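Structure first, then comments.
The values are calculated or read from the model by the stated rules, or taken from the named source; none is laboratory data. Source: prediction; values computed, not measured. With ideal geometry, Cβ positions are generated from the backbone for all residues, glycine too; neighbour counts draw on all protein chains shown.
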Amino acid sequence: MSMIRKNLLISGLSLCSAGLIHLPVTAAEPAPWDYGTERGPAQWAALDNAYQTCGNGKNQSPVDLHAAFEIDLPALTFSYQPGAEKVFNNGHTVEAEYMPGSQLSLNGNRYTLRQFHFHSPSENTLNGKHFPMEAHLVHSDQDGHLAVVAVMFEVGAANPVLSQIWQQPLTSGEVSEMENAVSAGGLLPAEQDYYRYNGSLTTPPCTEGVRWLVMKQPMTLSQQQLSSFQNMLNGPNNRPVQPLNARQILQ
């Protein structure tokens, strides 16, 4: 068993929307949001002034990946070590915090892996197709610029990483500590061809300027693993695809 303790997430802490840090709850805390009808994606921009980019942004994520422009994209270099020590259900997704020391190198830039989390069904689509699940591996460089590696999942063989972190269901607000740190490398496909586009966070405040790297080769998870994730949430947790506008998808 990898999980050694489950506690309720301390009520005085709140996960920031980028999922990178925890901030104290104050009277000025942004308005709550979800994926439903009253506080869902169509209403995000109206819930809080800090969320206006969700409605008026021009480079929003997710997108439909189609008609990609072929260029010679640089290789992705992953230097991951076991670093996931805690996994928690924040009410919007199930997320694993990551210890410093694991990096992605791209075009000479180094990004540190901060956390990974999941969406079901997938947020980005391929030629209009949703995958059953999508993992987002969130990285930042020394200046705070974000790079998200997205991995699609199809139903098939069980994924060992998910077997380690989803041994027991987590209710909203619950956190589990891992007996042994887990490596996110097990979420990455062997073939590392990818799509690239400029986008945003897919949750409020929908901040733009995020570099998206969507792996072409999907991974697999079992139907039991998929059902376990879906049962930990109150329904789908995917933002609908956003207009591409003047952007190009590169591959």
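Pull up the stretch 5-56, narrow it to residues that are of a type in the set (Ser, Thr, Tyr) and modelled with pLDDT of 50 or more, then point me to the one that is farthest from Gly199 (Cα to Cα). Show your work before the answer.
Filtering the stretch 5-56 down to residues of a type in the set (Ser, Thr, Tyr) leaves 11, 14, 17, 26, 35, 37, 51, 53.
In the following step, the residues that additionally are modelled with pLDDT of 50 or more were identified as 35, 37, 51, 53.
On the way: Tyr35: 20, Thr37: 24, Tyr51: 15, Thr53: 12 Å.
Taking the candidates together, the pick is Thr37.
Give all pairs with beta carbons closer than 7 Å in which a residue from the stretch 223-243 that is within 17 Å of Pro204 (Cα to Cα) meets a residue that is hydroxyl-bearing (Ser, Thr, Tyr) and not in a loop (DSSP other than H, G, I, E, B); count only pairs at least 6 apart in sequence or on separate chains.
Val241/Thr125
Just to be sure, is Leu73 modelled with pLDDT under 95, under 19 Å from Gln192 (Cα atoms) and hydrophobic (A, V, I, L, M, F, W, C)? Break it down into steps so the answer makes sense when it comes.
Values: modelled with pLDDT under 95: no; under 19 Å from Gln192 (Cα atoms): yes; hydrophobic (A, V, I, L, M, F, W, C): yes.
Criteria not met by Leu73.
Quick one: which strands (runs of 3 or more DSSP E) lie wholly within the stretch 151-237 and hold at least 1 residues that are touching a helix residue (DSSP H, G or I) at 6+ places or on another chain (Cβ under 8 Å) and aliphatic (A, V, I, L, M)?
Details: elements: 174-182, 194-200, 208-215, 219-221.
Because the criterion is at least 1 residues that are touching a helix residue (DSSP H, G or I) at 6+ places or on another chain (Cβ under 8 Å) and aliphatic (A, V, I, L, M), the strands (runs of 3 or more DSSP E) in the stretch 151-237 that meet it are 174-182, 219-221.
With Gln81, Gln115 as the choices, which residue is surrounded by 18 or more Cβ atoms within 10 Å (Cβ to Cβ) and either under 26 Å from Trp33 (Cα atoms) or of a type outside the set (Ser, Thr, Tyr) (or both)?
On the way: Gln81 fails: surrounded by 18 or more Cβ atoms within 10 Å (Cβ to Cβ).
Unique residue meeting the criteria: Gln115.
Please verify whether Val87 is within 18 Å of the chain's Cα centre (by Cα), under 17 Å from Ser176 (Cβ atoms) and at pLDDT 95 or above, treating the condition exactly as stated.
Values: within 18 Å of the chain's Cα centre (by Cα): yes; under 17 Å from Ser176 (Cβ atoms): yes; at pLDDT 95 or above: yes.
Spelling it out, Val87 is indeed within 18 Å of the chain's Cα centre (by Cα), under 17 Å from Ser176 (Cβ atoms) and at pLDDT 95 or above.
Cβ-Cβ under 8 Å, sequence separation 6+ or interchain: first residue in the stretch 68-86 and at negative phi, partner assigned to a strand (DSSP E or B) and surrounded by fewer than 14 Cβ atoms within 10 Å (Cβ to Cβ). Which pairs?
Matching pairs, first to second residue: Pro82/Asn180.
Going by the structure shown, is Glu174 surrounded by fewer than 20 Cβ atoms within 10 Å (Cβ to Cβ), over 21 Å from Pro132 (Cβ atoms), touching a Lys or Arg at 6+ places or on another chain (Cβ under 7 Å) and in contact (Cβ under 8 Å) with a residue 12 or more places away in the chain? Let's see the steps before the verdict.
On the way: surrounded by fewer than 20 Cβ atoms within 10 Å (Cβ to Cβ): yes; over 21 Å from Pro132 (Cβ atoms): yes; touching a Lys or Arg at 6+ places or on another chain (Cβ under 7 Å): yes; in contact (Cβ under 8 Å) with a residue 12 or more places away in the chain: yes.
So Glu174 fits the description; yes.
I'd like to know if the stretch 186-202 contains one or more residues that are in contact (Cβ under 8 Å) with a residue 12 or more places away in the chain and farther than 25 Å from His66 by Cα. Before you say what the answer is, go through the steps one by one.
Going through the stretch 186-202, the residues in contact (Cβ under 8 Å) with a residue 12 or more places away in the chain turn out to be 186-202.
From what's left, farther than 25 Å from His66 by Cα: 186.
Yes.
If you scan the stretch 93-139, which residues turn out to be in contact with a strand residue (DSSP E or B) (Cβ under 9 Å, 6 or more places away or on another chain), of a type in the set (Gly, Ala, Ser) and more than 18 Å from Gln223 (Cβ to Cβ)?
Ala96, Gly101, Ser102, Ser105, Gly128
Which residue pairs have Cβ atoms closer than 9 Å, lie 6 or more positions apart in sequence or on different chains, and pair a first residue in the stretch 30-55 that is free of Cβ contacts under 8 Å to residues at least 12 places away in the same chain and within 17 Å of Asn238 (Cβ to Cβ) with a second residue that is surrounded by 15 or more Cβ atoms within 10 Å (Cβ to Cβ) and of a type in the set (Phe, Trp, Tyr)?
Arg39/Trp33; Gly40/Trp33; Gln43/Trp33
Checking the conditions here, which among Leu187, Leu201, Leu221, Leu213 is over 15 Å from Phe116 (Cα atoms), modelled with pLDDT of 95 or more and crowded, with 20+ Cβ neighbours inside 10 Å?
Details: Leu187 fails: over 15 Å from Phe116 (Cα atoms); Leu201 fails: over 15 Å from Phe116 (Cα atoms); Leu213 fails: over 15 Å from Phe116 (Cα atoms).
Exactly one of Leu187, Leu201, Leu221, Leu213 is over 15 Å from Phe116 (Cα atoms), modelled with pLDDT of 95 or more and crowded, with 20+ Cβ neighbours inside 10 Å, namely Leu221.
Right, Ser61: small (Gly, Ala, Ser), crowded, with 21+ Cβ neighbours inside 10 Å and farther than 27 Å from Ala246 by Cα or not? I'd like the intermediate steps shown before the answer.
Numbers: small (Gly, Ala, Ser): yes; crowded, with 21+ Cβ neighbours inside 10 Å: yes; farther than 27 Å from Ala246 by Cα: no.
No, not satisfied.
Would you confirm whether or not the stretch 55-67 contains a residue that is under 26 Å from Val214 (Cα atoms), over 22 Å from the mean Cα position of the chain (by Cα) and assigned to a loop (DSSP other than H, G, I, E, B)?
Yes, the stretch 55-67 contains at least one residue that is under 26 Å from Val214 (Cα atoms), over 22 Å from the mean Cα position of the chain (by Cα) and assigned to a loop (DSSP other than H, G, I, E, B).
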